[in-house]
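Just so you know, all these numbers are worked out from the coordinates, no wet-lab data involved. None of these values were measured; they are calculated from a predicted model. Cβ sites come from the backbone with ideal geometry, for glycine too, and all protein chains shown count toward neighbours.
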Amino acid sequence: MLRRAVVTAAGVLAASFAASGALAQDTIKIGIVQSLTGQLTAVGKQVLGGVNLYVQQKGSTVAGKKIELVVKDDTTVPDVAKRLAQELIVNDKVKILATGITPASFAIAPLATQGKIPSVIMVSGTSSATERSPYMVRASFTLGQQSGIIGEWAAKNGSKKVVIVQSDWAPGAEATQVFTESFTKAGGQVVETLKVPLANPDFSPFLQRARDANPDTLFVFVPAGQAGLFAKQFIERGLDKAGIRLIGPGDITDDDDLPRMNESILGTVTAGHYSAYHESPTNKEYVAAFQKLNGMRPNFISLGGYDGMHVIYEALKKTNGNTDGDALINAMKGLKWESPRGPISIDPETRDIVQNIYIRKVEKRDGELYNIEFATFEAVKDPIKAAKKTN
Ligand code: PHB
């Protein structure tokens, strides 16, 4: 009897090994490293909201394989992002990574190259993020795409003298660079550029200095999650009453913060790639489903998560479930589809996102503040990369 019990136990053990082997082969693990706590929690929460909605809608089987998301919190610290990505590659054997904000994406890029792990950038808006590794593909946006367009619009629409207030890190530097170039080329003048620390910002002293310089317009970049505080301090310092026009990339009228902003923000014009009010059936459905699942309005960051998952799913369909790094990256190049933000594609040459940029004005609809689009620039590429090509 004892012998039979041992034999049976061995049989069960062998069967379960076989099952786990089959399971490992049929499961594709995706490592999602995002800022879920720390300085940019607001960013992580939106991007994960988009990821979760995509998987809820499309299911977790692609090309006959089971998709398993392994979600990690980088605590908004790039070294932590790097360590987590390393562990995901080595221990969890993830075949694809999804990266977050600029410093975290920069930190993960060498690991993507070393391990040939396709890495979808879901947040970073800094041009060079895709150049840090041939295995990086951007599903988010660049600050340059938006800042050049608003620079030209402002110069053509009465702005002559601008003070820039920028969050002091890579995407802020690019917003400033591209805006300054386009605004001055169109005849405007930038009189001062003020840099505000990324961590725990207090905009008040900078706004006072900006006001003292007596500009007609303020160009501002702050990251998602800081727009609410910025708008409050802009009004507290009386810049709205002083008749100073506020412009910027879409981050300053972020849909996440907009519903709680003071109505003094009405009329603010920005250039952005996404508005929750974008008029399309695809977007109406997206906003309703996102609200239902996540209990908040989706903002421009959420699309990096949602469309980033689309890039991953469509690439896996094209390779028929093959997770070879080069095969997957090739499959991602040139993808083209209708996103809630409008038509978008992955530039096959640069692996960067090509998308419409809309000029929008804050208005009230159904009793709530929204960015209402009134002009469209179609299929905009990252201007920093485009400039390098022609130089
Ligand atoms: C970035 O990581 O580059 C980033 C994050 C949040 C923003 C814009 C850019 O709102």
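If packing is taken as the mean number of other Cβ atoms within 10 Å per residue, what is the order of 264-274, 199-209, highest first?
Details: 264-274: 21.9, 199-209: 15.3.
In descending order of packing, they fall as 264-274, 199-209.
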Might you report the magnitude of the Cβ-based charge dipole of the chain about its Cα centre, with Lys and Arg at +1 and Asp and Glu at -1, to the nearest 20 debye? 760
How tilted is helix 143-156 with respect to the longest principal axis of the chain? Cα atoms for both, answer in degrees (0 to 90, nearest 10). 20
Compute the distance in nm between two label points, each set 7 Å from the Cα along the Cα-to-Cβ direction, one at Arg209 and one at Glu87. 4.0
Most packed first (mean Cβ within 10 Å per residue), the peptides 230-237, 364-371, 103-110 order as 103-110, 230-237, 364-371
To the nearest 10 degrees, how steep is helix 170-185 against the longest Cα principal axis of the chain, on a 0 to 90 scale? 40
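Work out the FRET efficiency for Asp216 and Leu293 from their Cβ-Cβ distance, taking R0 = 45 Å, and round it to the nearest 0.05. Working shown, then result.
Details: r = 43 Å, r/R0 = 0.95.
For Asp216 and Leu293, the calculated efficiency is 0.55.
Can you work out the FRET efficiency for the pair Arg365 and Val55, with r the C-beta to C-beta distance and R0 = 30 Å, to the nearest 0.05? Show your work: numbers first, answer last.
Details: r = 30 Å, r/R0 = 1.00.
In this case the efficiency is close to 0.50.
Mind giving me the FRET efficiency for Lys185 and Lys336? R0 is 30 Å, r the Cβ-Cβ distance, nearest 0.05 is fine.
That pair, Lys185 with Lys336, gives E of 0.45.
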With both bridge residues required to lie in the chain, what share of the DSSP beta bridges run antiparallel, to the nearest 5%? 40
Pseudo-spin-label distance Ser280 to Thr27, built 7 Å along Cα→Cβ, given in nm, is 3.5
Helix 281-294 vs. the chain, principal-axis angle (Cα, 0 to 90°, nearest 10): 70
Roughly how many whole Å is it from the C-alpha centroid of the stretch 346-373 to that of the stretch 122-148? 16
